[in-house]
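Worksheet for the structure shown next.
The values are calculated or read from the model by the stated rules, or taken from the named source; none is laboratory data. Note that the structure is a prediction, hence the values are computed from the model and not measured. Cβ placement follows ideal geometry from the backbone for every residue including glycine, while neighbour counts extend to all protein chains displayed. All accessible areas refer to the heavy atoms of the entire protein, side chains included, with ligands and DNA or RNA removed. Shrake-Rupley method; radii C 1.70, N 1.55, O 1.52, S 1.80 Å.
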Amino acid sequence: MKLTPLALAIALSALPAYAQDEEGCPTDAEMVASMSLDELRQYEYSLQNPEMSFEEACKDATDKDEEEATGSRKHYCVKRVATYSSHNPETGEEEVANVTMYDYVSVPQSRTAWTHRVRVEFEAIQGNAMAGLIVAPDLYCGSCTEKQQFEPQTLSGPGIYEFSAALRFDTDDGKTSQNTQLVLTRFNVDQTPIQMVAPQLRCDTLSRSNTSGCRFTDYPTVFEVSLSNPDTDESAIHIQAAQSVLPGRPGYWHTDQNLRGTALTRTQNGTVRRANRRASGELCKSRFPGGAEAGLNCDEYPFAATNQGASLVPETSMSVKYIAGADNQDVGNRLGTLLCTEARVLEGEEFWVDITE
């Protein structure tokens with residue numbers, strides 16, 4: 001789906017009251033309706049499947065273990081620093097250079113094809129170790145159905161050198177690994193000073209019917225709900241209160257995984273979601289007799305779209321509250337967009353909820 005600003009406006013005006021498909025995914029019009037103008041612009045741009053620039057993808061990259069690589073569900077960047085030393089038989093001297101390698105990928109919003117990129121920076125320390133140096137990154141992609149290796153380059157001196165390789169993965173639900181090593185050859189001597197392991201990539205057609213996409217599943221999915229946004233503030237207040245009192249602080253997000261609450265998990269089962277909504281509706285009626293005023297909806301937490309919903313857990317593990325219907329529906333559509341399209345969360349996979357200012 002590629003929407004112009006006019007099409008976005010039409011979608012907004014034609015929006016039905018509230019409906020999701022059997023998987024709990026909002027329609028295209030509902031996704032659009034729940035977005036701010038800035039989000040609409042970003043969404044329209046994302047439909048063109050642009051890659052993140054190197055500066056954006058690798059701005060926070062540090063020379064740490066791959067597990068700490070900077071990234072998100074849609075990108076990662078691993079940085080490595082090493083020293084390269086070469087004996088020059090013509091001069092009899094050791095020539096040395098600093099090598100910095102960035103290994104990074106930005107996957108499209110949709111499609112199961114992507115470009116794996118490498119940037120290598122050489123800085124001379126002693127002599128000119130880069131003169132005549134052949135640089136050939138070696139790429140391994142475990143289950144890729146189409147692979148293109150990096151083309152070697154022969155260097156003339158210090159500088160920044162770019163490499164790219166096209167990869168594809170055709171599957172309904174599969175995972176692949178991408179490993180890269182830097183092979184340097186000079187005077188017929190090979191060295192491999194840097195090796196990298198990328199976060200695991202999963203490609204699927206299952207998070208939302210008739211769509212495909214790949215995501216880095218080592219990165220957590222976090223649903224943000226804003227206290228300062230008048231469209232979502234009532235939901236945010238309710239969720240924040242619920243997370244503070246319910247057993248296990250369900251869905252509570254913290255960057256330190258030891259401080260997080262128990263994860264929520266997505267259910268794509270329409271029967272379960274409907275049962276969750278019925279059960280939460282009954283809870284609202286019993287806890288707030290006469291509270292169902294016009295324009296209000298029963299808001300439940302944990303969400304009906306989770307395996308922690310009202311039909312599956314004790315009443316003491318559920319919070320319900322009547323809030324403005326527009327607020328409730330807006331947050332529901334935003335959650336569906338995140339799970340179905342942005343993060344591509346599958347049945348039973350974990351996510352968290354972060355209440356922001």
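Quick notes on this structure:
- Filtering the range 234-276 to residues that are of a type in the set (D, E, K, R), over 20 Å from the mean Cα position of the chain (by Cα) and not in a helix (DSSP H, G or I) leaves only Arg249.
A quick yes/no check of all residues on (1) more than 24 Å from Arg202 (Cβ to Cβ); (2) surrounded by 22 or more Cβ atoms within 10 Å (Cβ to Cβ); (3) of a type in the set (Ser, Thr, Tyr):
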site: Thr306; (1), (2), (3): no, yes, yes
site: Ala310; (1), (2), (3): yes, yes, no
site: Ser317; (1), (2), (3): yes, no, yes
site: Val320; (1), (2), (3): yes, yes, no
site: Ala326; (1), (2), (3): yes, no, no
site: Asn333; (1), (2), (3): yes, yes, no
site: Cys340; (1), (2), (3): no, yes, no
site: Ala343; (1), (2), (3): no, yes, no
site: Gly348; (1), (2), (3): no, no, no
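- The residue that is nearest to Val313 (Cα to Cα), among those in the range 230-247 that are touching a residue at least 40 places away in the same chain (Cβ under 8 Å) and out of contact with any strand residue (DSSP E or B) (no Cβ under 8 Å at 6 or more places or on another chain), is Pro247.
- Strands (runs of 3 or more DSSP E) fully within the range 277-357 counting 1 or more residues that are touching a Cys at 6+ places or on another chain (Cβ under 8 Å): 296-301, 319-324
- Residue within the range 291-307 that is on the phi > 0 side of the Ramachandran plot and at pLDDT below 95 present: yes
- When we screen Ala304, Ala310, Ala294 for residues that are closer than 23 Å to Arg266 by Cβ and either free of Cβ contacts under 8 Å to residues at least 24 places away in the same chain or under 27 Å from the mean Cα position of the chain (by Cα) (or both), the only hit is Ala304.
- Looking across the range 120-140, the residues that are outside any strand (DSSP E or B) and either on the phi > 0 side of the Ramachandran plot or surrounded by fewer than 15 Cβ atoms within 10 Å (Cβ to Cβ) (or both) come down to Gly127, Gly132.
- Test: residue in the range 95-115 that is of a type in the set (Asp, Glu) and modelled with pLDDT under 85: no
- Those residues of the range 200-233 which are assigned to a strand (DSSP E or B) and either open to solvent by 60 Å² or more (accessible area, probe 1.4 Å) or of a type outside the set (Asp, Glu) (or both), in sequence order: Leu201, Arg202, Cys203, Gly213, Cys214, Arg215, Phe216, Val222, Phe223, Glu224, Val225, Ser226
- The residues of the range 77-103 that are over 16 Å from Val183 (Cα atoms) and touching a helix residue (DSSP H, G or I) at 6+ places or on another chain (Cβ under 8 Å), listed by number, are Cys77, Val78.
- Subset of the range 6-56 that is hydroxyl-bearing (Ser, Thr, Tyr) and buried (at least 17 other Cβ atoms within 10 Å of the Cβ) - its residue that is modelled with the highest pLDDT: Ser34
- Of all the listed residues (Ser110, Ser143), the sole one being outside any strand (DSSP E or B), open to solvent by 50 Å² or more (accessible area, probe 1.4 Å) and either under 30 Å from Leu206 (Cα atoms) or among the hydrophobic types (A, V, I, L, M, F, W, C) (or both) is Ser143.
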